[in-house]
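Below is one structure, written out as structure tokens, with a few remarks after it.
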Amino acid sequence: MSLIVSQVFTKDFEIECPPKKRVWSEIAHRIGETGLPGIPIRIILTAVREQKLVFECSFLETDRKPVWSSLLNIRPRQISSAKPFVDVCWIIGEMS
């Protein structure tokens, strides 16, 4: 019997992303380039500072192969389907 080792941790980080490039495919690509360890399982935009986006992100570090696609690989659905899928919700509002 093998032991499965998994750990969830949270990290704050920022990426450079000018306003005209702020679409999910570009943001996800830039997040992926940061070299943050683990599989992102929760991504929250916590601040926007001029050209920078600041995120809080929870990662899963495990020796198991994921059974779902990465949050960084989400593509808009082109058709309707009853099959399971990952949902991403962007909530944009004034931050105080």
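Computed from the coordinates by the stated procedures, all read-outs in this text should not be read as laboratory data. Computed from a predicted structure; not experimentally measured. Methodologically, a virtual Cβ is constructed for each residue, glycine included, from the backbone with ideal geometry; neighbour enumeration extends over all protein chains shown.
Can you work out which of the residues in segment 33-55 that are in contact with a strand residue (DSSP E or B) (Cβ under 9 Å, 6 or more places away or on another chain) and not in a strand (DSSP E or B) is surrounded by the most Cβ atoms within 10 Å (Cβ to Cβ)? Quick ask: steps written out before the conclusion?
Of the residues in segment 33-55, the ones in contact with a strand residue (DSSP E or B) (Cβ under 9 Å, 6 or more places away or on another chain) are 33-34, 36-49, 51-55.
Applying the additional criterion that residues be not in a strand (DSSP E or B) yields 33-34, 36-38, 51.
Working: Glu33: 9, Thr34: 13, Leu36: 14, Pro37: 9, Gly38: 16, Gln51: 12.
Looking at residues that are in contact with a strand residue (DSSP E or B) (Cβ under 9 Å, 6 or more places away or on another chain) and not in a strand (DSSP E or B), I get Gly38.
Of the residues making up segment 42-72, just one is in contact with an Asp or Glu (Cβ under 9 Å, 6 or more places away or on another chain), among the polar types (S, T, N, Q) and closer than 14 Å to Thr10 by Cα, namely Thr46. Screening segment 1-60 for residues that are of a type in the set (Phe, Trp, Tyr) and more than 10 Å from the chain's Cα centre (by Cα) and picking the one that is nearest to Leu72 (Cα to Cα) gives Phe13.
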